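*Asks:* Take a look at this one; I'll ask things after.
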Amino acid sequence: MAKYLGKRIFYLLLTLFIVITITFFLMKLLPGTPLTNEQKLSPEQRELILKQYGLTKPVWQQYLIYVAGIFHGNFGTSFQFSDQAVSYLISSRIGPSLLLGLQAMIVGVIPGILFGALGAIKKNTWVDTGTTIVSILGISIPSFVLAVLLQYYVGLKLGWFPIADWGGFAYTVLPTLALAASPFADTARFIRTEMVDVLNSDYIELATAKGLSRMQVIFHHALRNSLIPVVTIIGPLAVNIMTGSMVIENIFSVPGIGEQFVKSILTNDYPTIMAVTIVYSVMLMVVLLITDIIYGVIDPRIRLTGKSN
Amino acid sequence: MADEVKLTAKSFEPLDRSKNLDSEKISAPNLTFMQDAWRRLKKNKSAVIAMVILILFFIMAILSFFPSVLPHQPNAINTQYANLPPKWPGVDINGVNGTLVQGGSRINAYAQAGAASNVHFWLGTDYLGRDLLSRILTGTRISLTVAVVATLVDLLFGVTYGMFSGWKGGRVDNFMQRLIEIIMSIPTLVIVVLLMLILKPGMWSIILTIAFSSWTTMARLTRAQTLELKEQEYILAARTLGESPIKIAFKHLLPNLSSIIIIQTMFTIPSAIFFEAFLSFVGIGIPNPTASLGTLLNDGQKNFQFLPYQMWYPAIVLSIIMIAFNVFADGLRDAFDPQTKE
């Protein structure tokens, strides 16, 4: 276990290093500096500002400084908001994003499990058809379309929840729902397939044969065994939510890192783009690592050899 | 004994050889793998409906190549007719008769814009007076082109990578798999955004970007299957006979990988469509004035409160395409892989 963990963390750091290096040099490849549109500057002023951002040094020095800075939590200064440290920009914005992400995960996965299980138990009935249709819709309709519809019909027409901005719990409801749709549908589909398999297995037949009630069989034996593989889709679901958050936060004006990412892309704020890229990668890698560990712990049949799946 | 039965040569009559050669034999016609899958697919009603819908969309997309088919020029700006609601000739139902509710009362937007009575925009116009129907048709074409070409590039690269890795095995395979693992732990979104920043915005960069970020799944599936296949006797036989690896790949591996590849392709296309729409919606995808489903949604969203049709129609088209692809892919998977069928 310790050996496996060490290996995984080594790969994690290696990947992180590669991500940092690639993003850094890609950003250097891009044309333009923060001063491209400032024609009025005299050469001296230009020199001064470039120096302030550390852009006069050779690229390899800039790279070393950047990497060293990251270890101290320093991601440089934003091009867009001068005097604003990128690390501050991100740390002040990560809260809402994490909150929304976690809420969406819970709101998506738990009802998704119940929904999928319902479909499997009532296989080949109208209930099953209904759940299948809902989950196909959930997978197919893009989250940003859903978000705009929710914002207009539930937020504006019905007036149940605020349509945008960030304040208390009420403000999180609509973005959470919009984000949760795709994890919900994915989980429901996944659980249905798993559960249909499990319900056909011998130990379910045995449980029924020894006289357990249908409810007991379903909850104690079938559902529990189909839950284990759900852990494996948590990673992809997290990716889904991260992708969705970029545009959902924009639509609902949530002050999160997704919204910041879009803003910095549109304004060519390279230091912020790099920092958000790194933060996203770290979050995904940590989620993947945790789910792999949990999977090994709850299912002893899986050996943690690093060559699973 | 009473009378004897006399058997002469005449008692025996030769049977017609072409009929009933073997009355014991019970068999269905021999089906190839593809025919068999097709037979199963046909039984799946929803998959067939999805397939028909997709074919219709592809036909519409191809037709939109010819400007004369479109009711209007998709990129022609006509500010006089900006933001007109849908109007169908000869139909007087609210919603399609060119009227819209403004300030609590229903007004005739066409009359207000000074349009002649023979001016019709079937799905209305956008904020620059461009015909929405024409834009949706060309937008569908662009979105489908991006998705299909991106998937083909992804397929070409992913399958080659996967087959090579699986075939070589050993250290090469190990290295190639570690590389994939590293790429996979970078969020797709991040790869897409970074590549979009570096390449000039446009159709080809989106295609490259989507292809580059989605080939890993295809490569892994192909590799896993190749590892299994290369232990089979017929591959061994081919190797023993001195067949070159390239020929083995094309003649023996690819046909046996085809079902996996086809299924995965059908799942990649909708996600490519989604990414194109997503990027264009965020504003880093297809540049103006070219229409794609994503840019149309982006334009429509700005006016959604007052002119909901501008977003509804592209949203409906996008959703129908996505649903059809997903349902069809599900159907194909069941058709190709009868074992996993419940």
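The values are calculated or read from the model by the stated rules, or taken from the named source; none is laboratory data. What you see is a predicted model; the values in this text were computed from it and never measured. Every residue, glycine as well, gets a Cβ built from its backbone with ideal geometry; the counts of neighbours run over all protein chains shown. For accessibility, only protein heavy atoms count, side chains too; no ligands or nucleic acids. Shrake-Rupley method; radii C 1.70, N 1.55, O 1.52, S 1.80 Å.
*Asks:* Being within 10 Å of chain B (Cβ to nearest Cβ) and surrounded by fewer than 16 Cβ atoms within 10 Å (Cβ to Cβ) is the requirement here; does A:LEU266 meet it?
*Replies:* Numbers: within 10 Å of chain B (Cβ to nearest Cβ): yes; surrounded by fewer than 16 Cβ atoms within 10 Å (Cβ to Cβ): yes.
Yes: the conditions hold for A:LEU266.
*Asks:* Looking at B:ILE235, B:ILE206, which one is within 28 Å of B:ILE142 (Cα to Cα), more than 12 Å from chain A (Cβ to nearest Cβ) and β-branched (Val, Ile, Thr)?
*Replies:* From the options B:ILE235, B:ILE206, the qualifying one is B:ILE206.
*Asks:* In the range A:121-146, which residue that is more than 9 Å from chain B (Cβ to nearest Cβ), among the hydrophobic types (A, V, I, L, M, F, W, C) and touching a residue at least 40 places away in the same chain (Cβ under 8 Å) is farthest from A:ILE218 (Cα to Cα)?
*Replies:* Among them, the one singled out is A:VAL134.
*Asks:* Right, B:ILE286: under 19 Å from B:ILE210 (Cα atoms), out of contact with any helix residue (DSSP H, G or I) (no Cβ under 6 Å at 6 or more places or on another chain), more than 12 Å from chain A (Cβ to nearest Cβ) and not aromatic (Phe, Trp, Tyr) or not? Show your work before the answer.
*Replies:* Values: under 19 Å from B:ILE210 (Cα atoms): yes; out of contact with any helix residue (DSSP H, G or I) (no Cβ under 6 Å at 6 or more places or on another chain): no; more than 12 Å from chain A (Cβ to nearest Cβ): yes; not aromatic (Phe, Trp, Tyr): yes.
Spelling it out, it is not the case that B:ILE286 is under 19 Å from B:ILE210 (Cα atoms), out of contact with any helix residue (DSSP H, G or I) (no Cβ under 6 Å at 6 or more places or on another chain), more than 12 Å from chain A (Cβ to nearest Cβ) and not aromatic (Phe, Trp, Tyr).
*Asks:* Turning to a different aspect of this structure: Give the residue, chosen from A:LEU150, A:LEU199, A:LEU158, that is within 10 Å of chain B (Cβ to nearest Cβ), hydrophobic (A, V, I, L, M, F, W, C) and either over 30 Å from B:ILE273 (Cα atoms) or open to solvent by 20 Å² or more (accessible area, probe 1.4 Å) (or both).
*Replies:* Result of the check over A:LEU150, A:LEU199, A:LEU158: A:LEU199.
*Asks:* Further question: Take A:ALA85 and decide whether it is out of contact with any Asp or Glu (no Cβ under 9 Å at 6 or more places or on another chain), within 24 Å of A:VAL254 (Cβ to Cβ) and crowded, with 21+ Cβ neighbours inside 10 Å.
*Replies:* Considered against the rule, which asks whether it is out of contact with any Asp or Glu (no Cβ under 9 Å at 6 or more places or on another chain), within 24 Å of A:VAL254 (Cβ to Cβ) and crowded, with 21+ Cβ neighbours inside 10 Å, A:ALA85 comes out as no.
*Asks:* Pick out the one residue from A:ASN240, A:ASN225 that is open to solvent by 50 Å² or more (accessible area, probe 1.4 Å), part of a helix (DSSP H, G or I) and within 12 Å of chain B (Cβ to nearest Cβ).
*Replies:* That would be A:ASN240, the only listed residue that is open to solvent by 50 Å² or more (accessible area, probe 1.4 Å), part of a helix (DSSP H, G or I) and within 12 Å of chain B (Cβ to nearest Cβ).
Yes/no matrix, rows are residues, columns are (1) open to solvent by less than 50 Å² (accessible area, probe 1.4 Å); (2) more than 9 Å from every other protein chain (Cβ to nearest Cβ):
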site: B:THR226; (1), (2): yes, yes
site: B:LYS230; (1), (2): yes, yes
site: B:LEU241; (1), (2): no, yes
site: B:LEU253; (1), (2): yes, yes
site: B:ASN256; (1), (2): no, yes
site: B:PHE281; (1), (2): yes, no
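*Asks:* Hey, another quick one. Taking the range B:260-271, which residues are more than 11 Å from chain A (Cβ to nearest Cβ) and either modelled with pLDDT under 85 or out of contact with any Asp or Glu (no Cβ under 8 Å at 6 or more places or on another chain) (or both)?
*Replies:* Correct list: B:ILE260, B:ILE261, B:ILE262, B:ILE263, B:GLN264, B:THR265, B:MET266, B:ILE269.
*Asks:* Which residue, of B:THR138, B:THR160, is buried (at least 19 other Cβ atoms within 10 Å of the Cβ), assigned to a helix (DSSP H, G or I) and among the polar types (S, T, N, Q)?
*Replies:* B:THR138
*Asks:* Something else about it: Condition (residue is among the aromatic types (Phe, Trp, Tyr), touching a helix residue (DSSP H, G or I) at 6+ places or on another chain (Cβ under 9 Å), more than 27 Å from B:ILE260 (Cβ to Cβ) and away from every other protein chain (no Cβ under 13 Å)) applied to the range B:153-163: is it met by at least one residue?
*Replies:* no
*Asks:* Would you pick out the residues in the range B:295-325 that are in contact (Cβ under 8 Å) with a residue 60 or more places away in the chain, facing chain A (nearest Cβ under 9 Å) and within 17 Å of the chain's Cα centre (by Cα)?
*Replies:* B:LEU318, B:ILE320, B:ILE321, B:ILE323, B:ALA324, B:PHE325
*Asks:* Here's a follow-up. Consider B:ILE183 against the criteria (1) at pLDDT below 90; (2) open to solvent by less than 50 Å² (accessible area, probe 1.4 Å); (3) in contact with a Gly (Cβ under 8 Å, 6 or more places away or on another chain); (4) not hydroxyl-bearing (Ser, Thr, Tyr): it satisfies all of them except one. Which criterion is unmet?
*Replies:* Answer for B:ILE183: the failing condition is (3).
*Asks:* Failed condition for B:GLN177, given (1) part of a helix (DSSP H, G or I); (2) free of Cβ contacts under 8 Å to residues at least 12 places away in the same chain, with all others met?
*Replies:* The failed condition is (2).
*Asks:* Note down all Cβ pairs under 8 Å where the first residue falls in the range A:1-23 and is at the interface with chain B (Cβ under 10 Å from one of its Cβ atoms) and of a type in the set (S, T, N, Q), the second is open to solvent by less than 60 Å² (accessible area, probe 1.4 Å) and assigned to a helix (DSSP H, G or I), and they're at least six residues apart or on different chains.
*Replies:* Cβ pairs passing all conditions: A:THR15/A:SER281; A:THR15/A:MET285; A:THR15/B:ILE182; A:THR23/A:ILE273; A:THR23/A:MET274; A:THR23/A:THR277; A:THR23/A:ILE278; A:THR23/B:LEU194.
*Asks:* Scan the range A:252-263 and report the pairs whose first residue is in a helix (DSSP H, G or I) and whose second residue is open to solvent by less than 30 Å² (accessible area, probe 1.4 Å) and polar (S, T, N, Q), with Cβ atoms within less than 7 Å and a gap of 6+ or a chain change.
*Replies:* Filtered contacts from the range A:252-263: A:ILE257/A:SER97; A:GLY258/A:SER97; A:GLY258/A:SER245; A:GLN260/A:THR272.
*Asks:* Right, next: Looking at the structure I just gave you, is A:PHE17 modelled with pLDDT of 75 or more, open to solvent by less than 90 Å² (accessible area, probe 1.4 Å) and not hydroxyl-bearing (Ser, Thr, Tyr)?
*Replies:* On the way: modelled with pLDDT of 75 or more: yes; open to solvent by less than 90 Å² (accessible area, probe 1.4 Å): no; not hydroxyl-bearing (Ser, Thr, Tyr): yes.
Answer is no for this residue.
*Asks:* Now for a separate question. Just one of (1) of a type in the set (Ser, Thr, Tyr); (2) open to solvent by 50 Å² or more (accessible area, probe 1.4 Å); (3) more than 13 Å from every other protein chain (Cβ to nearest Cβ) trips up A:THR176, so point out which.
*Replies:* Only one criterion in (1) of a type in the set (Ser, Thr, Tyr); (2) open to solvent by 50 Å² or more (accessible area, probe 1.4 Å); (3) more than 13 Å from every other protein chain (Cβ to nearest Cβ) is unmet by A:THR176, namely (2).
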